[in-house]
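What follows is a single structure, written as structure tokens, with notes after it.
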Amino acid sequence: MSHYESDELLGQYMAFHYGESYFGVGNYPSRCAGVCQELMAGRDKQSALDLGCAVGRSTLELGRVFERVVGLDLSNRFIEAANTLKTDGELAYFLRDEGELGATVTASLADSNLEKAAARVTFAVADACNLGSEYSGFNLIFAGNLIDRLRDPRAFLASVHRHLADDGVLVLSTPYTLMDEFTPRSQWLGGYLRNGVPFTVLDGLKEVLAPHFELLREPEDLPFVIRETKRKYQHTVAELTAWRRTA
Ligand SMILES: C[S@@+](CC[C@H](N)C(=O)[O-])C[C@H]1O[C@@H](n2cnc3c(N)ncnc32)[C@H](O)[C@@H]1O
């Protein structure tokens with residue numbers, strides 16, 4: 001079973017997207033969508049594609065400003081949850097406190113005023129690395145914490161422009177975790193010495209995206225907190241970069 005099909009991860013991601021904030025760090029999918037909205041000021045906002053959307057919060061947030069938003073994820077479980085939320089307006093999940101103890105809590109679109117946005121959004125199971133031609137012409141593509149989960153992020157980045165409109169914007173947010181379990185060392189974009197000089201993932205992104213994109217503005221830090229249990233949290237700092245399609 002894939003990492004993202006389990007009860008455990010479903011509970012963690014439901015809480016991450018729709019639950020409380022911790023340690024003063026605000027809702028990550030919603031802040032990412034807010035930056036996308038800022039970047040798209042004065043640009044066409046007909047359609048957006050959210051790749052690796054998990055249980056859908058950033059997709060729904062983008063639905064506040066885009067006429068049509070498609071959220072895609074490889075996890076059947078996550079997409080089923082996102083679709084239930086969209087159609088029923090709420091979904092119950094288990095918030096683990098310790099061991100088998102915890103509580104069933106309910107995420108609700110109404111709590112975040114997302115009911116209208118939900119009507120503009122569709123969710124589907126799909127592989128971001130093998131997208132059909134039906135996924136093309138988007139004004140924005142957002143990929144939150146996705147590229148660290150791909151076997152071959154270079155191949156993904158080298159072809160993602162095909163799914164954007166001319167002049168469309170690609171937004172990547174990622175903590176560059178470079179875990180062998182997801183991305184073999186041979187496929188890392190950076191995070192090593194190249195010819196004796198540090199070569200970062202950002203350097204790698206610039207290199208692989210250069211044929212089709214220009215950097216729109218300086219990268220920015222976006223912290224997030226994922227609650228694992230009542231006493232264990234992952235506090236991570238992602239870097240968000242925005243790229244305009246040039247070719
Ligand atoms: C680290 S999670 C990030 C989820 C969400 N964007 C967020 O920031 O909370 C990575 C997500 O990417 C999905 N994923 C991994 N590989 C994928 C692929 N090739 N195509 C689409 N989704 C993928 C996983 O199922 C998971 O939901």
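Assorted remarks:
- For Lys86, the lysines whose Cα comes closer than 16 Å to its Cα, not counting residues fewer than 8 places off in the same chain, are Lys116.
- Built amide H within the under 5 Å cut-off of Ala238, gap 5+: Leu222, Phe224
- Distant-in-sequence amide H partners of Phe123 (H built 1.01 Å from N, under 5 Å): Gly71
- By the count of neighbouring beta-carbon atoms within 10 Å, fewest first, Thr87, Thr177, Thr59 end up ordered Thr87, Thr177, Thr59.
- Total charge dipole magnitude, the range 3-245, about the Cα centre, Cβ charges on Lys, Arg, Asp, Glu only, Debye to nearest 20: 420
- Computed [θ] at 222 nm, helices only, for the chain once each DSSP H run of length n ≥ 4 contributes -39500 (n - 2.57): -7000 deg cm²/dmol
- Three-way shape call for the range 173-247 based on the alpha-carbon gyration tensor, with the a/c threshold at 1.5: oblate
- The orientation-averaged projected area of the convex hull spanned by the Cα atoms of the chain comes to 13.5 nm².
- Computed about its Cα centre, the charge dipole of the range 109-244 is approximately 340 debye, with only Lys, Arg, Asp and Glu carrying charge at their Cβ.
- Tensor-based shape of the range 112-210 (alpha-carbon gyration tensor, a/c under 1.5 rounded, otherwise prolate or oblate): prolate
- The residue among Leu9, Leu51, Phe213 whose Cα reaches farthest toward the positive pole of the charge dipole of the chain, with charges on the beta-carbon of Lys, Arg, Asp and Glu, is Phe213.
- Taking a ≥ b ≥ c as the square roots of the eigenvalues of the Cα gyration tensor, the range 1-52 is oblate, since a/c reaches 1.5 or more and a/b is not larger than b/c.
- By the count of other C-beta atoms within 10 Å, a proxy for reagent exposure, Phe182, Phe213, Phe16 are ordered fewest to most as Phe182, Phe16, Phe213.
- When GluC sites (Glu not before Pro) are flagged only if DSSP places them in a loop and at most 15 other Cβ atoms lie within 10 Å, the longest unflagged stretch of the chain comes out as 182-247.
A short reminder: the numbers here are calculations on the coordinates, not readings from a lab. Owing to the predicted nature of the structure, the values given are computational and were not obtained by experimental measurement. All Cβ positions, glycine included, derive from the backbone under ideal geometry; neighbour counts span all protein chains shown.
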